[in-house]
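The values are calculated or read from the model by the stated rules, or taken from the named source; none is laboratory data. This structure is a prediction, so every number in the text was calculated from the model and none was measured. Glycine gets a Cβ as well: all are built from the backbone with ideal geometry, and neighbour counts include every protein chain shown.
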Amino acid sequence: MKKSLALLSAAALTLGALSGCGGTQSGTADDPGAADKGVVNVYNWGVYIDESVLEDFTAETGIKVVYDTFESNEAMYGVLKNEGASYDVVIPSDYMISRMIEEDMLEPLNFDNIPNFEDVDPALKNPDYDPENLYSVPYMWGLLGVIYNTTMVDETPTSWDIMFDEDYAGQILMFNNSRDAIGIALKELGYSYNTTDENQIKEAIDLLIEQKPLVQSYVMDDIFEKMQSGSAAIGAYYYGDFLTMQEVNPDLAFCLPEEGTNLYVDAMCIPKNAENKENAEAFINYMCSTQAGLKNCEEIWYSTPLLSVREELDPEVSGDPYAYPDESILAQCESFKNLPADTLALYDSEWTRLMLASN
Amino acid sequence: MKNKWLAAPYVVWMALFVVAPLILVVIFAFTDKAGGITLDNFSNMATYIPAFQHSFVLAIAATVICILIGYPLAYFLSRESLMVRKVAMMLIMLPMWMNFLLRTYAWMSILDDNGLINQFLANIGFFNLINSIFGTNLQYIHMINTQGAIVLGMVYNFLPFMVLPIFSVIDKIDHRVIEAAQDLGANGTMVFRKVIFPLSLPGVLSGVTMVFIPSVSTFALSRLLGGGKTLLLGDLIEMQFLGNAYNPHLGSAIALVMMVIVLVMMAIMNRFGEGEEGVAVL
């Protein structure tokens, strides 16, 4: 008797919850022209926007922004794969975009709704990760390099070697993310980021295992705090973030390793079956406006893909050789490409091997 | 009879958010990405033995430390006046009003090489004293990013769960039993050993359960206090869902194995407290 009641109320509750959801969904979809322009659900990297831009966007369009952040491409991918979470705009990096295109996770964009795309640097259009430029609009780009504290490091590093230098045991911060960490080891060994050679990848992990006792901690955005406060001497991160850290701690310096480094582009995409596609396109368009681009750029200091923004920037910034590198620097850079499934599986098992290795 | 119906909301809650997810974990653990039934998720489990070892060793260490700190505290507290007990309870609960992550972040800045403890020791001239005596060149004591720091995080976060059950059990011990023992000639130590301690065991057992289980499955602690250098089960499982790997099937299998091991351990423990109330884990 009691049991059947419990079951019944369970069923009733589930039904209620489900129909409730359905109701709200159709509600926004049915009347987009009403005073309430609905919402756009945005999923971006942490510390990667001037948040006042979101308010400006709402003020201009009446579309409410629900803003969430992620820490790594892989975490974002996991969340999107778990069908529960639904976002209208996501901002992954190049290699992850090509993986998502391959797995049919992205919706083609309607560029009629994104006229500001014209302002994007032609060099960044039709990139390798989205050859026909159907799915993505560049948000920011930049270079990876070594950030070091000049009061704690006596030499002037020129190479990835410094990340593996025993003199700095306990002072080194390493990426807590397989693609970036293995990438650094591959470059140190003189290999390509995009190698699928099993032995090269294993060799890279062996090197990282050797490095593990020297590593203070494996970090993502917690690197800001640790480098700014001087708790660590050396870490690898993005040039834009270096500029942010240097504002707080002027002792920090940046090195572009001579073995070559990562050039990445983070671009705005719309996931398959996004509920508010038109709002998403309006959002992407707004982010490509000079006004929003400039605000973001001056907040996070990454390199902008927008030509008009580059013109407006302080010449000291737009002339910065690391922010807007010339051909000679670009020639040393390599972008991440999407790896085949068996290489990705090898990355996972090898990364676990590193994580499980003793200190 | 009618009153039992009041439990219906909770039964529904359990069915939806405890039983259903458990069933999903089992289903995921025995299937592969294509949806076929497989045991592969378990056959590779040997790779992850170090993560199991780390987790269980650190969780056991944290539990033992919690008993060593928590038991005497609970014991002496139970003999204090009502006022003292109320204030002490309040102080024990107070940190729990703050979010777990925030408390852990606070520990990061306390334990850091340039953190509060090291700054304090440097300011009172402790390092200078040590260096002048031993001729060393000590600048700081390294505490953060070690396994010790992870255990500290577990102890700090879960200690109240040890103190509270032990306290409530000791507090309820009938004073006439203790008086009877004293009347029969038992001295203080004997009363404790023969009467109070055995009667408080149910509290200890539920304390152990409530500290050990969250410790063994904790995540983020290793990342925040251990520098991400010691992979614990919680982190390993998280990695399968939100990390590079994205393999919820393997993640579920690891979670299932962990649950089974914990259940077996708890079943063995409960043998000791058989017939006592308040330990019903199984």
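Would you mind stating whether residue A:196 is among the hydroxyl-bearing types (Ser, Thr, Tyr), farther than 21 Å from residue A:140 by Cβ and away from chain B (no Cβ under 14 Å)?
In short, yes.
Being more than 13 Å from every other protein chain (Cβ to nearest Cβ), out of contact with any strand residue (DSSP E or B) (no Cβ under 9 Å at 6 or more places or on another chain) and farther than 23 Å from residue A:238 by Cα: is that true of residue A:348 here?
When the stated conditions are applied, residue A:348 does not pass them.
Residues of segment A:122-133 being out of contact with any Phe, Trp or Tyr (no Cβ under 9 Å at 6 or more places or on another chain) and at negative phi, which ones?
A:122, A:123, A:127, A:128, A:130, A:131, A:132
Any residue that is assigned to a helix (DSSP H, G or I), among the acidic types (Asp, Glu) and modelled with pLDDT under 90 - is there at least one of those in segment B:181-204? Even if it seems obvious, please write down each step before you answer.
Filtering segment B:181-204 for residues assigned to a helix (DSSP H, G or I) gives B:181-183, B:188-204.
Right, trim to among the acidic types (Asp, Glu) and you get B:183.
Going one step further and asking which of them are modelled with pLDDT under 90, we end up with none.
No, segment B:181-204 contains no residue that is assigned to a helix (DSSP H, G or I), among the acidic types (Asp, Glu) and modelled with pLDDT under 90.
When you scan segment A:221-243, how many residues do you find that are within 11 Å of chain B (Cβ to nearest Cβ), closer than 15 Å to residue B:105 by Cβ and not hydroxyl-bearing (Ser, Thr, Tyr)?
3
For segment B:28-59, give me the residue count where each residue is of a type outside the set (S, T, N, Q) and more than 28 Å from the chain's Cα centre (by Cα).
Adding up the residues that qualify gives 9.
Report, by residue number, each residue of segment A:131-166 that is in contact (Cβ under 8 Å) with a residue 12 or more places away in the chain and more than 22 Å from residue A:332 (Cα to Cα). Write out each step before concluding.
To start, the set of residues in segment A:131-166 that are in contact (Cβ under 8 Å) with a residue 12 or more places away in the chain comprises A:134-153, A:156-166.
Within segment A:131-166, A:134, A:135, A:136, A:137, A:139, A:149, A:150, A:151, A:152, A:153, A:165, A:166 qualify.
What is the one condition in (1) at pLDDT below 90; (2) within 13 Å of chain A (Cβ to nearest Cβ) that residue B:222 does not satisfy?
Result: residue B:222 passes all but (1).
For segment A:94-152, what are the residues that are surrounded by fewer than 18 Cβ atoms within 10 Å (Cβ to Cβ), in contact with an Asp or Glu (Cβ under 8 Å, 6 or more places away or on another chain) and not in a loop (DSSP other than H, G, I, E, B)?
Within segment A:94-152, just A:113 meets the criteria.
Just one of (1) within 14 Å of another protein chain (Cβ to nearest Cβ); (2) in a loop (DSSP other than H, G, I, E, B) trips up residue A:174, so point out which.
(2)
Looking at this structure, is residue B:155 under 11 Å from the mean Cα position of the chain (by Cα) and within 30 Å of residue B:101 (Cα to Cα)?
Yes: the conditions hold for residue B:155.
Name every residue in segment B:229-250 that is within 24 Å of residue B:209 (Cβ to Cβ) and of a type outside the set (A, V, I, L, M, F, W, C), in order of residue number.
Listed by number, the residues that qualify are B:230, B:234, B:235, B:238.
Just to be sure I understand the filter: pairs with C-beta atoms under 6 Å, separated by 6 or more residues or on different chains, first member in segment A:340-359 and closer than 21 Å to residue A:192 by Cβ and in contact (Cβ under 8 Å) with a residue 12 or more places away in the chain, second member assigned to a helix (DSSP H, G or I) and not β-branched (Val, Ile, Thr). Which pairs pass?
A:347/A:178; A:351/A:178; A:354/A:208
Can you pull out the helices (runs of 4 or more DSSP H) entirely within segment A:177-293 that have at least 3 residues that are at pLDDT 95 or above, among the small types (Gly, Ala, Ser) and within 30 Å of residue A:327 (Cα to Cα)?
Output list reads A:178-188.
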